[in-house]
Amino acid sequence: MANHTPIVAFLYDFDKTLCTTDMEDYAFIPSLGMTPAEFWAKANHFGRTNRVDGILAYMYTMLRESAARKLPFTRADLVEMGRGIVLFPGVEDWFQRINAFGRSQGVTVEHYVISSGLREIIEGSAISGAFKEIYASEFYYDETGAPVWPKLTVNFTAKTQFVYRINKGVLDVSDDKTLNDSMPDDSKRVPFTNMVYIGDGLSDVPCMKMMRSYGGQAIAVYQESNRSGVEDLLAKGRVDFIFPADYSQGTALEAAVQDIIRKMAVCDRLFERNVSQLRSIGGDVLPNQVGLF
């Protein structure tokens, strides 16, 4: 294997992980004259009554409630609404700081969103440019900019698909063939061992379990309102670490992430050294040696 710069990928949920509540609560739901409690009760009731996937149910409820009030929205409207998102402390400069620390350790850091919220709203946020890719639910829009169909839905278990896409470097959601092609472990773009998933609760458990099963790291962040639930995730071995949702410089969260990057950088160097020595004596790299460290 040729010398390369290792990639460390950070995968984030968005709602209550990077911002303080569900992204629709900031501007979209108030624009309907509804409270978040009223909107989500309607969406959840519709989903349960009709046995509709929860993400499709809330997207349909957005369309139905907007039409009922003669308040149609466009893609541009949702992007604009994203400007009202309230981020946790330190989030806005978090990515720049972590990228710089990664460079100091000889690795390239990439950031991804995997969210059940709306891509359009995320794109309007102050941090949208920090991500290599945003995987989130999204509408398809007609030539007038009106939403007419779900383009992508990301429910809790579907989130794991995007972990595999990042692992293989197959980021285009329309490319299923390459995603499902067989690929040797040592040729995958971002090994699972170089991944960190950051979320806030039960909806993130499938991705967190993947991290812990395949050698990555899982972190849960919390506000006081969901602290007990996050502590339960730690007690049950579903996450590696929990921290308050404060991304500011000098926090325990930042210190832990820096240690994780150090560890991943060292493990990659050891692996490269092992491979170099094997090849110098004519040996082969076996599949079970990938991620050995």
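The values are calculated or read from the model by the stated rules, or taken from the named source; none is laboratory data. In this text, all values refer to a predicted model and were calculated from it rather than measured experimentally. Every residue, glycine as well, gets a Cβ built from its backbone with ideal geometry; the counts of neighbours run over all protein chains shown.
Here the condition is being touching a helix residue (DSSP H, G or I) at 6+ places or on another chain (Cβ under 6 Å), buried (at least 17 other Cβ atoms within 10 Å of the Cβ) and among the hydrophobic types (A, V, I, L, M, F, W, C); of 29, 55, it holds for 29 alone.
The rows are residues; the columns are (1) under 30 Å from residue 72 (Cα atoms); (2) out of contact with any strand residue (DSSP E or B) (no Cβ under 9 Å at 6 or more places or on another chain).
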residue	(1), (2)
151	yes, no
157	no, yes
190	no, no
203	yes, no
222	no, no
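Considering 109, 113, 170, 163, the condition of being farther than 19 Å from residue 77 by Cα and assigned to a loop (DSSP other than H, G, I, E, B) is satisfied by 170 alone. Based on what the data block shows, is residue 203 assigned to a helix (DSSP H, G or I), under 23 Å from residue 242 (Cα atoms) and either of a type in the set (D, E, K, R) or without any contact (Cβ under 8 Å) to a residue 40 or more places away in the chain (or both)? No; evaluated as a whole, the condition is false for this residue. Restricting 43, 68 to those that are small (Gly, Ala, Ser), more than 20 Å from the chain's Cα centre (by Cα), surrounded by 20 or more Cβ atoms within 10 Å (Cβ to Cβ) and more than 21 Å from residue 131 (Cβ to Cβ) reduces the list to 43. When the stretch 238-265 is limited to residues that are in contact (Cβ under 8 Å) with a residue 24 or more places away in the chain and basic (Lys, Arg), the one that is farthest from residue 127 (Cα to Cα) turns out to be 238. Only one of the numbered conditions (1) closer than 24 Å to residue 92 by Cβ; (2) polar (S, T, N, Q); (3) touching a Pro at 6+ places or on another chain (Cβ under 8 Å) is violated by residue 226, and that is (3).
Of all residues in the stretch 77-104, those that are in contact with a Gly (Cβ under 6 Å, 6 or more places away or on another chain) and either among the small types (Gly, Ala, Ser) or not in a helix (DSSP H, G or I) (or both) total 1. Scanning the stretch 31-47 for residues that are touching a Gly at 6+ places or on another chain (Cβ under 9 Å) and not aliphatic (A, V, I, L, M) yields 44, 47.
Residues of the stretch 167-178 that are within 19 Å of residue 137 (Cβ to Cβ) and crowded, with 16+ Cβ neighbours inside 10 Å: 173 alone. Quick test for you: out of 283, 250, pick the one residue that is more than 21 Å from the chain's Cα centre (by Cα) and modelled with pLDDT of 95 or more. The match here is 250. Test residue 137 against the stated conditions and say whether it is under 30 Å from residue 5 (Cβ atoms), assigned to a strand (DSSP E or B), in the same structural domain as residue 207 (by TED's automatic domain parsing) and in contact with a strand residue (DSSP E or B) (Cβ under 6 Å, 6 or more places away or on another chain). When the stated conditions are applied, residue 137 does not pass them. Scanning the stretch 179-200 for residues that are part of a helix (DSSP H, G or I) and among the hydroxyl-bearing types (Ser, Thr, Tyr) returns 187, 193. Would you be able to say whether some residue in the stretch 31-47 is outside any helix (DSSP H, G or I) and either among the small types (Gly, Ala, Ser) or within 30 Å of residue 254 (Cα to Cα) (or both)? Yes - at least one qualifying residue is present in the stretch 31-47. Residues in the stretch 178-205 that are at pLDDT 90 or above and basic (Lys, Arg): 1 in all. Where residues in the stretch 75-108 are under 19 Å from residue 250 (Cα atoms) and among the hydrophobic types (A, V, I, L, M, F, W, C), which of them is surrounded by the fewest Cβ atoms within 10 Å (Cβ to Cβ)? Taking the candidates together, the pick is 100.
Given the criteria over 17 Å from residue 12 (Cα atoms) and under 19 Å from the mean Cα position of the chain (by Cα), does residue 214 qualify? So residue 214 fits the description; yes.
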